[in-house]
1. Quick one: ranking Met13, Met99 by accessible area, 1.4 Å probe, largest first, what do you get?
2. Between Glu103 and Asp71, 0.36 nm times their residue separation minus their Cα-Cα distance comes to what?
3. What is the spin-label model distance, in nm, from Arg9 to Thr59 if the labels are put 7 Å beyond Cα along the C-beta direction?
4. I'd like the Karplus ³J(HN,Hα) series for segment 104-116: coefficients 6.51, -1.76, 1.60, θ = phi - 60°, whole numbers in Hz, and an x wherever there's a Gly or Pro.
5. Each label point is 7 Å from the Cα along the Cα-to-Cβ direction; what then is the distance between the points at Val28 and Lys81, in nm?
Amino acid sequence: IIGVKFQQRYDEMMREKKIFAERDRLKVIEKKISTLKGMKSLATSLLPLRLPSAGTALTPQETKTIEDKADEVFGTVDVGKKGEIGFDDVGLAMKILGMEIEEDVLQVMMIIMDDDNSGSVDQREFSNFVVKCVTGDLPTTQD
């Protein structure tokens with residue numbers, strides 16, 4: 001009986017350890033994602049004539065400019081012209097836009113971008129995500 005109870009407690013402790021490790025991993029990713037919110041460098045590269053005092057709200061024309069640039073980059077990385085890009089292509093697209101993103105953050109970004117859960121990102125999903133990066137309207141890992 002003591003051996004069984006010991007094994008049960010040991011298994012419980014191991015599950016708790018895994019939960020804490022996953023929680024810590026998500027906290028790190030959350031911190032990295034929060035750095036993407038309202039990225040001034042992205043806004044500067046996409047809207048070079050925008051004044052820093054303009055705030056985070058975008059005009060309809062600025063939103064269109066960002067969407068057009070995102071669509072252009074999407075077209076560049078979608079070499080097969082399938083209308084969808086995968087994990088590596090999203091990383092390349094973000095790099096072209098001036099954002100070096102670590103693999104763990106990119107995995108979470110893919111989940112956030114992929115509205116239809118297809119496993120890939122289409123042009124609309126990518127454009128919407130880029131706009132959200134500029135405006136700071138990204139969900140957190142808890143959303």
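1. Met13, Met99
2. 9.3 nm
3. According to this spin-label approximation, the distance is 6.9 nm.
4. Couplings: 5, 5, 4, 4, 5, 4, 4, 5, 5, 5, 6, 4, 9 Hz.
5. 4.2
The values are calculated or read from the model by the stated rules, or taken from the named source; none is laboratory data. All values derive from a computational prediction rather than experimental measurement. Glycine gets a Cβ as well: all are built from the backbone with ideal geometry, and neighbour counts include every protein chain shown. Calculation scope for accessible area: heavy atoms of the full protein, side chains included, ligands and nucleic acids excluded. Shrake-Rupley method; radii C 1.70, N 1.55, O 1.52, S 1.80 Å.
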